1. With +1 on each Lys and Arg Cβ and -1 on each Asp and Glu Cβ, how big is the dipole of the chain about its Cα centre, in debye rounded to the nearest 20?
2. Using only DSSP helix segments of four residues or longer, with each worth -39500 (n - 2.57), what per-residue ellipticity at 222 nm results for the chain after dividing by its residue count and rounding to 500?
3. Before anything else, pin down the relative contact order of the chain: Cα pairs under 8 Å, at least 6 apart, normalised by residue count, whole percent.
4. To the nearest 10 degrees, how steeply does helix 291-309 sit against the main Cα axis of the chain, on a 0 to 90 scale?
5. Output the antiparallel fraction of DSSP beta bridges having both residues in the chain, as a percent to the nearest 5.
6. Which of the GluC sites (Glu not before Pro) across the range 76-149 are loop residues per DSSP, with 11 or fewer other Cβ within 10 Å?
7. Among Val228, Ser289, Ile47, which residue has its Cα furthest toward the positive end of the charge dipole of the chain, with +1 on Lys/Arg Cβ and -1 on Asp/Glu Cβ?
8. Between Leu109, Gly74, Gly121, whose Cα lies farthest towards the positive end of the dipole of the range 1-122 when Lys and Arg beta carbons carry +1 and Asp and Glu beta carbons carry -1, centred on the Cα centre?
Amino acid sequence: MRVVILDGATMGADIDFSPITRRFDTVIYDKTTPEEKLRRVKDAEVIVINKVVIDKETIDAAPNLKLVAVFAVGYNNIDVKYCREKGIRVRNVPGYCTDSVAQHTFALLFQLIESLNYYDGYVKDGSYTHSGLANHMGRPFSEIAGKRWGIIGMGNIGRRVAHIAEAFGCKVSYASTSGVRRPENWPEVSMDELLAESDIISIHAPLSASTENLINREALAKMKPSAVIVNVGRGAIIDSAALAEAVDQGLIGGAAIDVYPEEPPKANDSLLTVKNREKIVLSPHIAWSSVEARARCVEMTADNISAFIEGKDSNDVW
């Protein structure tokens, strides 16, 4: 089985691809431009990607293609409908990064609400040493115990975040973006109620027609002026320009963002030009990428390919 990995570098320089390479005839490209893509897939039976777009043109350029495997939970960069028409399977890796994303959700939150960058700098630049005081509370912070935590997207990651938030003493509720009703341990509320009542909102939903620009100017205007929002789902779920405006105008308390509509964002992206920089924390789409999560991702992808060859169902998108 000829396996072509088109963007291996997105998995990190330290990643071990041997779970795939020892089982299959594999070619690995660190990066693939749109111009290179059609040439590189022409002999592929299996295409493995993370962020590369697999569209109709790409699929037609790969006459032997049988499977598209994605190093991710989300697969909005794949034309699944056309794959179905062509009889090409699509498989993802659900659950591989649940712990990693949940952990990063809280890392972003605490850095934001406790102004850790500011306090770290205050000590390191000598200000604390020369202050003559045992303490410095230049930017007071509040406890999250007793706060209302609203979760948008109650999947595996949302549930893990909910459990951890409860351990910190938060009151958790959630809003569904899929319309699918499942029994949960936390109350489901309307999106309007979640926006209006939550002190902390975290986004763990996939990008879809129902979630794109879900958090727009109108939605942000419904939030408490003290509330903060954390997005570790997909960048296009939030209108970035509206978010930057809300932060700068003090309409919300702050934001912590790991994902962007365009990755990497352009230099003039509204989130990079926020005036109230102390009210926004940014990371470069790394919530999913703990060492352990990336290793699981590769192993699960290898298992997906093996299961396909053996004719077994395994994380089929369709």
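1. The calculation lands at about 300 debye.
2. So the helix-based figure for the chain works out to -9000 deg cm²/dmol.
3. Value for the chain: 18 percent.
4. Value to nearest ten degrees: 30.
5. Just about 5 percent of them are antiparallel.
6. Glu143
7. Result: Ile47.
8. Gly74
The values are calculated or read from the model by the stated rules, or taken from the named source; none is laboratory data. Since this is a predicted model, take the numbers as computed values, not measurements. Please note: Cβ atoms are built from the backbone with ideal geometry, for glycine as well, and neighbour counts cover all protein chains shown. All accessible areas refer to the heavy atoms of the entire protein, side chains included, with ligands and DNA or RNA removed. Shrake-Rupley method; radii C 1.70, N 1.55, O 1.52, S 1.80 Å.
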